[in-house]
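Some notes on the structure that comes next.
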């Protein structure tokens, strides 16, 4: 390294001062403005993202429920429609016998079984942590699916109450009892199985549906008139008990999902 004394430094300073290019004030102002715009852009994008987040959070839950229709397999709705048509055909074939009411009860059980795969899909497919980071979490997805299929079941039950008495005769309220009581009872069973079977709720619900259908049909065959002999008060008590039990089990299931204890939940990440 060549040593530079004070006089050399002064001569160099004087030389560069004389030969420096003049400062273009207009260009300097343009550069400063450009830097200011680039610096402000992330803030604008952050504000836009925040506004978008606010809009998402303000989205009505009913609109989110309607949006879930896109994610339900159309085969589930087709199966529900086919089940309703099959119920009407079977009831017509059975005529005024008690078998037509057994058909209504079996339809109630099968309608729940058909709904379980799409209802429990999010719960059993290891997406709880993903949905926990979204605007609508796993519990809300579960509730929205329950609402959707609940509305569908209200529709088929209304059709049954209106058309089955017209086809085979009888009291519409009795038809409602035969449809609603096993429906809510089997809902409670499925919600319970979904909680305790550790990710195998759908399979457990399908097995339970087969057993329930076999039990209903066998009981009607072995003891032909016991359903008809049961008093209206007993049917009403059974309906209320089934309704209360299904509400309790649904609340427990939603609470379990809310707490993040889904069947395939991964180990907590180390923060």
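We did not get these values from a lab; they are worked out from the coordinates using the rules stated. These figures come from a predicted structure and were not determined experimentally. Positions of Cβ are generated from backbone atoms using ideal geometry, with glycine treated the same way; all protein chains shown enter the neighbour counts.
Computed on region 60-258, with alpha-carbon pairs under 8 angstrom and 6+ residues apart, the relative contact order is 28 percent.
Go ahead and run the numbers for FRET between residue 167 and residue 207, Cβ-Cβ distance against an R0 of 25 Å, rounding to 0.05.
Values: r = 32 Å, r/R0 = 1.26.
Calculated value: 0.20.
For residue 154 and residue 237, FRET efficiency with R0 = 25 Å and r from the beta-carbon atoms, rounded to 0.05? For R0 = 25 Å, the calculated efficiency reads 0.65. Each of the peptides 156-163, 168-175 was scored by the mean count of other Cβ atoms within 10 Å over its residues; in descending order, highest first, they stand as 156-163, 168-175. Label sites at residue 221 and residue 71, each approximated as a point 7 angstrom past Cα along Cα to Cβ, lie 4.2 nm apart.
Ordering 145, 13, 70, 200 by the number of other Cβ atoms within 10 Å of each residue's own Cβ, fewest first, gives 70, 13, 200, 145. Once the chain from residue 247 to residue 85 is taken as fully extended at 0.36 nm per residue, the excess over their C-alpha distance is 55.5 nm.
Judged by the mean number of other Cβ atoms found within 10 Å, the most tightly packed of the peptides 104-112, 27-35 leads the ranking 104-112, 27-35.
Considering only alpha-carbon pairs that sit under 8 angstrom and 6 or more positions apart, the relative contact order computed for region 156-213 is 20 percent.
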